[in-house]
Amino acid sequence: MKKTGIDAISFYVPELFVDMEKLAEKRKISHEKLKNGLGLNKMSIPDCDEDTASFAANALLNLIKSNNLDPREIGRIYLGTESALDASKPTSTYVIEILEEILSEKYGSRCFKNCDIVDITFACIGAVDALQNCNDWIINGNDRKAVVLSSDLAKYQLKSTGEYTQGAGAVALLISENPSIISIKNSWGVASKSVGDFYKPRRVFTKKQALRDAADLFENKISDKELDNILNKNLTEFWSPSNANFELHMEEPIFEGQFSNECYQERIFEAIDHFLEQEKVNILKDWKHFIFHLPYAFHGRRMILKKWISWLDENGRLDQLINEIGKKNNEEDWIKLASKSKIYKDFIETRIAPGEFASSNIGNMYTASIFMSLLSMLNNALISKIEITNERIGFISYGSGSKAKIFEGTIESTWKNKIKNSGLFDALEKRKEVDVSTYEKLHKNIITIPVSKSINKIKLSSIQNGEFTRGLRTYKLL
């Protein structure tokens with residue numbers, strides 16, 4: 001079978017960030033818990049003129065320019081996101097629209113005319129679904145090229161337990177035959193189960209209650225009959241009596257943190273077992289790198305601990321752990337001791353931590369987090385002059401709702417050529433810090449003038465309000 005996989009990678013991260021120590025001080029919580037417990041240093045936040053489409057468009061433009069790609073040769077662009085801008089029109093259409101405008105002088109108008117564009121949504125695993133789909137498409141054709149985009153905004157309510165894990169950005173992958181960076185084995189461990197650990201429902205509010213609440217704010221008492229009369233006579237679009245309810249979509253999810261952790265762990269364990277039914281892999285020996293979906297930087301190392309212990313046992317090495325921390329008496333206490341053992345810390349340092357570095361300084365990127373983890377590991381190896389050619393990577397992905405996918409990649413000999421100009425860590429260092437007050441105003445959509453004055457970036461230009469264009473977005477290259 002032909003070799004297929006990731007031939008090039010690019011990324012986009014907003015230029016604004018919040019320092020987690022200052023946010024912790026403002027929220028009166030322990031910064032040490034955020035830093036040492038969760039691995040959080042900085043939180044990436046979008047400016048008022050940025051959204052999921054602009055993130056993805058910048059990542060794709062970077063991919064095309066840095067690899068001298070002819071967009072007319074790209075047959076698929078599949079976007080994984082859970083921050084879609086419309087319930088019908090794919091976010092990827094906005095991405096292609098602005099890219100065609102920017103690239104028209106060099107490649108002519110409609111340079112993506114024959115490109116298949118799709119959005120895929122399954123919480124944080126949507127871009128992995130896109131990768132599997134595109135990789136299959138490459139396998140079943142000749143000389144095909146596809147791009148997988150992952151772009152998201154992780155936004156939680158202010159002062160909630162999820163606030164500290166927020167992040168934003170996009171990663172773009174070029175998928176092709178004979179890839180330069182990573183070849184992907186076409187075996188996928190899958191585990192699915194319908195749960196409600198994290199979701200974004202349409203919230204429903206009655207207009208009558210909303211009007212009553214508004215009257216209460218002005219300390220006016222109003223009867224049900226008066227409410228009905230007011231609503232039935234009002235013909236404005238907002239209060240029209242054509243529907244008794246408002247339906248609102250909110251980026252802030254409904255979630256149960258501990259339950260979501262349990263679902264993450266259960267699904268990835270099931271998916272690992274499914275993968276091992278297809279491939280005879282000794283994970284502890286064969287996988288030199290573990291790349292996780294990271295809701296927060298240290299999440300993967302916490303979720304995989306019990307599996308790691310079982311892998312030690314399978315390899316006849318459990319005595320090494322027992323000799324260090326003692327025999328098991330109380331299960332919960334023993335697991336905690338195992339997590340702090342030197343043998344596990346060594347495993348983390350060499351096989352997991354390099355993929356965490358970027359997440360510590362960005363936050364949760366939802367669909368893009370697993371690919372940012374990959375980019376982090378590759379950049380760390382390049383900077384640290386660690387030779388990783390031909391080493392195997394285990395990818396451990398998860399999407400709430402819920403589904404996990406496990407797959408394997410092998411690092412190609414030409415990986416350095418495609419990563420040497422990535423500049424990931426330099427880009428993260430050059431971002432602009434904003435204070436907590438500015439962050440909160442951006443979060444509440446109070447700020448309407450961009451904080452960042454950067455140029456050569458694609459930004460949201462306008463949201464139209466015409467009779468037949470209401471809500472449509474336009475973008476421009478600044």
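Miscellaneous remarks
- Any hit, segment 391-402, residues being in contact with a helix residue (DSSP H, G or I) (Cβ under 7 Å, 6 or more places away or on another chain), surrounded by fewer than 24 Cβ atoms within 10 Å (Cβ to Cβ) and not small (Gly, Ala, Ser): yes
- Here Phe347 does not fit the description of being closer than 24 Å to Glu256 by Cα and either at pLDDT 95 or above or under 23 Å from the mean Cα position of the chain (by Cα) (or both).
- Ala172 closer than 12 Å to Leu79 by Cβ and over 14 Å from the mean Cα position of the chain (by Cα): no
- Scanning segment 184-204 for residues that are of a type in the set (A, V, I, L, M, F, W, C) and assigned to a loop (DSSP other than H, G, I, E, B) returns Trp188, Val195.
- Any hit, segment 65-73, residues being at pLDDT 95 or above and under 21 Å from Ile362 (Cβ atoms): yes
- Hey, Asn58 surrounded by 18 or more Cβ atoms within 10 Å (Cβ to Cβ), closer than 20 Å to Glu100 by Cα and not aromatic (Phe, Trp, Tyr) or not: yes
- Residue count for segment 288-304 under the criterion of being closer than 15 Å to Lys405 by Cβ and part of a helix (DSSP H, G or I): the result is 2.
- A single member of Lys285, Lys225, Lys307 is in contact (Cβ under 8 Å) with a residue 12 or more places away in the chain, loosely packed, with under 12 Cβ neighbours inside 10 Å and assigned to a helix (DSSP H, G or I), and it is Lys285.
- Residues within segment 94-119 that are of a type in the set (A, V, I, L, M) and touching a Lys or Arg at 6+ places or on another chain (Cβ under 6 Å), tallied: 0
- Segment 123-156, residues that are touching a Pro at 6+ places or on another chain (Cβ under 9 Å) and either over 20 Å from Ser92 (Cβ atoms) or surrounded by fewer than 18 Cβ atoms within 10 Å (Cβ to Cβ) (or both): Lys155, Tyr156
Each row is one residue, and each column tells you yes or no for (1) closer than 22 Å to Val13 by Cα; (2) at pLDDT 95 or above; (3) touching a Leu at 6+ places or on another chain (Cβ under 6 Å).
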residue	(1), (2), (3)
Leu374	yes, yes, no
Leu382	yes, yes, no
Ser402	no, yes, no
Glu412	no, yes, no
Ile419	yes, yes, yes
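The values are calculated or read from the model by the stated rules, or taken from the named source; none is laboratory data. Bear in mind that the values here come from a model prediction, so they are computed numbers and not experimental data. In this analysis, Cβ positions are derived from the backbone assuming ideal geometry, glycine residues included, and neighbour counts consider all displayed protein chains.
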